[in-house]
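S.K.: Let me give you the structure first, and then I'll get to my questions.
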Amino acid sequence: MSWRSTTRQTPTERGEESGWAPRRVARIAPAPSSAESSAEPLERLLVQEEERVVVVRLRDVDWIEGDGNYVRLHEGETVHRHRTTLGALGGRLDRRRFARIHRSTWVNVERVREIRPLGSGRSEVVLRSGVALTLSRGYRRPFLAQLES
């Protein structure tokens, strides 16, 4: 004997003729928080550092790099580490101020001093502070367009 049952229900037994059909359960997403539903880009972040919370104004940030489930906010010589992913933060950045130049890097376009070609379609973005960051091929065209606007 097979482990499966050989008996089958008739349509009447399943309730099909009576117009009855099983209901599908719909999953309802939770309502977005005020921060998520806001169309305004972020202006500042609250960053936990040891026993204090530091307010970081994003207009003062030179560049942002991803580090797993964290991001590093480079503000001059200071580096703040904040618990969020680069993808989550990138979706909330002001597109007039920040541009993605690599899969793990966003840069403040107001801090860009020059762009140097490296070959193979890649380039280097040099900030006013002298920091050089890699501009990958895939982000080159949108980045240059954003700089010109």
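Read-outs: derived from the displayed coordinates by stated rules, not from any lab. The structure displayed is predicted, hence computed values, not measured ones. Don't worry about glycine lacking a Cβ; one is built from the backbone with ideal geometry, like all the others, and counts go over all protein chains shown.
S.K.: Please sort by residue number the GluC sites (Glu not before Pro) in segment 45-131 whose DSSP state is loop and whose Cβ has at most 11 other Cβ atoms within 10 Å. Write out the running numbers ahead of the final one.
M.R.: Values: sites: GLU49, GLU50, GLU51, GLU65, GLU75, GLU77, GLU110, GLU114, GLU124; in loops: GLU50, GLU51, GLU77.
Qualifying residues, ordered by number: GLU50, GLU51, GLU77.
S.K.: Also: Ordered by residue, what ³J(HN,Hα) values in Hz, to whole numbers, does segment 141-146 give under the Karplus form 6.51 cos²θ - 1.76 cosθ + 1.60, where θ = phi - 60° and Gly and Pro are x?
M.R.: Couplings: 4, x, 5, 4, 5, 5 Hz.
S.K.: Counting other Cβ atoms within 10 Å of each Cβ, which trypsin sites (Lys or Arg not before Pro) in segment 51-149 have at most 13 and sit in a DSSP loop?
M.R.: Answer by residue number: ARG83, ARG95, ARG96, ARG103, ARG128.
S.K.: Per residue of segment 43-60, what does 6.51 cos²θ - 1.76 cosθ + 1.60 with θ = phi - 60° give for ³J(HN,Hα)? Whole Hz please, x for Gly and Pro, Karplus curve as stated.
M.R.: So the J values, rounded to whole Hz, are 10, 8, 10, 9, 10, 6, 10, 6, 9, 9, 10, 9, 8, 10, 7, 5, 5, 8.
S.K.: Moving to a separate point now. Could you go through segment 80-93 in sequence order and give the Karplus-derived ³J(HN,Hα) for each residue, using 6.51 cos²θ - 1.76 cosθ + 1.60 with θ = phi - 60°, rounded to whole Hz, and x for Gly and Pro?
M.R.: 9, 10, 10, 7, 6, 8, 5, x, 5, 5, x, x, 10, 7
S.K.: Determine the shape class of segment 89-147: with a ≥ b ≥ c the square roots of the Cα gyration tensor eigenvalues, call it rounded for a/c under 1.5, and otherwise prolate if a/b is greater than b/c, oblate otherwise. If you can, show how the numbers build up before the last one.
M.R.: Details: a/c = 1.78, a/b = 1.29, b/c = 1.38.
Oblate, because a/c is 1.5 or more while a/b does not exceed b/c.
S.K.: So, one more: For a quick check: with amide H placed at 1.01 Å from N, whose amide H comes under 5 Å from TYR70's, ignoring anything fewer than 5 positions away on the same chain?
M.R.: Under 5 Å from the amide H of TYR70: THR84.
S.K.: Right, another one. Distance from the Cα centre of segment 40-95 to that of segment 125-149, in angstrom?
M.R.: Using only Cα atoms, the two centres lie 19 Å from each other.
S.K.: Using only the Cα atoms of segment 50-134, what are the Rg and Dmax in Å?
M.R.: Expressed in Å, the Cα Rg and Dmax of segment 50-134 come to 13.1, 46.
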